[in-house]
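Step one of this worksheet: look at the structure below.
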Amino acid sequence: MSEQVKANDHSTKDILVADLKLVLVAFIWGAGIPMSAVLTRAITPLWAVACRMLLSSLFLLIIFRKKIFTASRRDWAISAMLALVLTCVFTSLTFGLYYSTASKQALIGGLNVIIVPLFVWAFYRKRPSNWVFAGAAITTAGLMIMGFTPGMEFNFGDFLSFIMAIFYALQVMASGYGAKRVDPGRLVALHIIVLAGIMTVLALIFEPMPSAALFTPKVMMTLLAVSLGNTILCFFIQFKALEVTPETHAAIILSLEALFGYLIAVVSGQDPFVLQGAFGGLLMIAGIIVTEAEGFVKKAQ
């Protein structure tokens, strides 16, 4: 039985609760986009991610020490697979932010919502329902409307953001795979520790060592926020939710990260507000409602 089928064995209520948890994750990650931009410009792209993961690893060694030291080879192998995918996500995300803007990356990165159902179809040999495809299509249309501006030009940073969308879709798939096989707390700890090691090596090779003067109180507070909230908390909630909800649901709901990221970028003054952004956001919410409605319609039949 495929992992997708196993996820669908849960009740509609269980899936709804898991999906609501993913809405929280999307909000925190959306809020983290401007913060990641602050770190990228204050330090350097690779060191920004490396420092974030190293600090997260320190906390995880304290919180999940027993789970880490009792992990099996299988646990480490699955976690390493997820860490490699995340290396590609964070590298393209960070450099994309460096050459682009937070709102444009939120828009382009959100396109993974339409990629995940195709990956599920290809990997699990199970076609997602018409409800899922409809929800993904409406959400994608909302993303397009929300982020489009006349005369918009796509640069190298936007291309990297598109690459990130592909790897992000793979991350959702890999997370769903791992969450059904490894304890969520152990999976969070192991894959972040591996990721911290990989990102530190890459930073040492490709970027100069950041000076202590760069770590101002603002930078340190931002690092602390993204390490505890956007990394440890969000990945733990995501893995717990993916024990229950299908990967296709996760992708559609996590696309709200783009909406939250756009709104926060506007509120923080990084980007201007436009009316079409509100309309696009409403379409994204409509797409999620269509996806969630499937379970209630089937239950009523």
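The values are calculated or read from the model by the stated rules, or taken from the named source; none is laboratory data. Quick caveat, the model's predicted, so the values are computed rather than measured. Virtual Cβ from ideal backbone geometry, glycine too; neighbours counted across all protein chains shown. In case anyone asks, the SASA skips ligands and DNA or RNA and just uses the protein heavy atoms, side chains included. Shrake-Rupley method; radii C 1.70, N 1.55, O 1.52, S 1.80 Å.
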Scanning the stretch 214-231 residue by residue, the ones that are out of contact with any Ser or Thr (no Cβ under 7 Å at 6 or more places or on another chain) and within 20 Å of A26 (Cβ to Cβ) total 5
Pairs returned, first residue in the stretch 49-60 that is over 15 Å from E207 (Cβ atoms), second residue that is part of a helix (DSSP H, G or I) and open to solvent by 30 Å² or more (accessible area, probe 1.4 Å), beta-carbon separation under 6 angstrom, 6 or more apart or interchain, are S57/I193
Here, helices (runs of 4 or more DSSP H) confined to the stretch 59-111 with at least 1 residues that are at pLDDT below 90 and crowded, with 21+ Cβ neighbours inside 10 Å are 73-99, 102-109
Restricted to the stretch 1-28 and to residues being in a loop (DSSP other than H, G, I, E, B) and open to solvent by 50 Å² or more (accessible area, probe 1.4 Å), the residue modelled with the lowest pLDDT is M1
The condition of being within 26 Å of Y99 (Cα to Cα) and over 15 Å from the mean Cα position of the chain (by Cα) holds, among L170, L190, L214, only for L214
Flagged in the stretch 223-243 as more than 23 Å from P34 (Cβ to Cβ), over 12 Å from the mean Cα position of the chain (by Cα) and crowded, with 22+ Cβ neighbours inside 10 Å, in numbering order, are A241, L242
Exactly one of L263, L224, L283 is modelled with pLDDT of 85 or more, assigned to a helix (DSSP H, G or I) and under 27 Å from I166 (Cβ atoms), and that residue is L283
Counting only residues that are loosely packed, with under 13 Cβ neighbours inside 10 Å and of a type in the set (S, T, N, Q), the stretch 199-222 contains a total of 2
Filtering the stretch 122-136 down to residues that are part of a helix (DSSP H, G or I) and out of contact with any helix residue (DSSP H, G or I) (no Cβ under 7 Å at 6 or more places or on another chain) yields A122, N130
Cβ pairs under 7 Å, 6+ apart or interchain, first in the stretch 127-148 and without any contact (Cβ under 8 Å) to a residue 60 or more places away in the chain, second assigned to a helix (DSSP H, G or I) and open to solvent by less than 10 Å² (accessible area, probe 1.4 Å), ordered by first then second residue, are F133/P117
